[in-house]
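The structure under discussion appears below in the form of structure tokens.
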Amino acid sequence: MGEAFLRKHGGDLFEVHSAGLEPTGEVHPLTIRVLEERGLDVSGHHSKSAEKYLGRLPVHTLIAVCDQAARNCPSNWPGMEERLTWPFPDPAAFEGTGAETLARFRGVRDSIEARILEWLAKKRLETTY
């Protein structure tokens, strides 16, 4: 979700990549659904391992979006200038009815987008001075 929103709202500032510590290769179907509700098509995307990028791509800003990633993601990336931790609950780990789970995905989606918009507003302000 973070990759989709950062591309949408900050693609003019950043080259955006997303990776995880234990990728499954698939994007969760409810992630696809709730992003489509916002006009974002990620149906052709797949999850990737952080190892795909480590040492191969300079990462200027690393954003960990869960506590596990914050603890276990490499802290030294070539070219890294900023490392942020934005812990959001994993909606796929939520146990509830279908409607409750969908609501959880929507809530996480909205929280991620709001955090990205807030951060980008700060970044754009910094670049104007």
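Pick from region 56-76 the residues that are more than 14 Å from His17 (Cα to Cα) and in a loop (DSSP other than H, G, I, E, B): which of them is modelled with the lowest pLDDT?
Step one: list which residues in region 56-76 are more than 14 Å from His17 (Cα to Cα), which gives 66-76.
With in a loop (DSSP other than H, G, I, E, B) added as a condition, the list becomes 66, 73-76.
Numbers: Cys66: 73, Cys73: 69, Pro74: 66, Ser75: 69, Asn76: 70.
Selected residue: Pro74.
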Residue satisfying all of: in region 96-129; modelled with pLDDT under 95 and of a type in the set (D, E, K, R); surrounded by the fewest Cβ atoms within 10 Å (Cβ to Cβ) among these: Glu126
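Yes or no, residue by residue, for (1) among the acidic types (Asp, Glu); (2) assigned to a helix (DSSP H, G or I); (3) in contact with a strand residue (DSSP E or B) (Cβ under 6 Å, 6 or more places away or on another chain):
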position: Phe88; (1), (2), (3): no, no, no
position: Glu100; (1), (2), (3): yes, yes, no
position: Leu120; (1), (2), (3): no, yes, no
position: Arg124; (1), (2), (3): no, yes, no
Matching residues in region 31-52 (within 15 Å of the chain's Cα centre (by Cα) and surrounded by 13 or more Cβ atoms within 10 Å (Cβ to Cβ)) number 11
For region 10-36, which positions are part of a helix (DSSP H, G or I) and of a type in the set (A, V, I, L, M, F, W, C)? Leu30, Ile32, Val34, Leu35
If you take the residues of region 86-129 that are without any contact (Cβ under 8 Å) to a residue 40 or more places away in the chain and of a type in the set (A, V, I, L, M), which of them is nearest to His28 (Cα to Cα)? Ala93
Of the residues in region 35-64, how many are in contact with a Lys or Arg (Cβ under 9 Å, 6 or more places away or on another chain) and more than 16 Å from Glu15 (Cβ to Cβ)? 6
Do the conditions hold for Thr97, that is, is it more than 13 Å from Glu3 (Cα to Cα) and among the hydroxyl-bearing types (Ser, Thr, Tyr)? yes
Taking region 1-56 and keeping only residues that are within 15 Å of Ala92 (Cα to Cα), in contact (Cβ under 8 Å) with a residue 24 or more places away in the chain and of a type in the set (S, T, N, Q), one is left with Thr31, Ser47
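The values are calculated or read from the model by the stated rules, or taken from the named source; none is laboratory data. Since this is a predicted model, take the numbers as computed values, not measurements. No Cβ is skipped: glycine too gets one built from the backbone with ideal geometry, and neighbour counts run over all protein chains shown.
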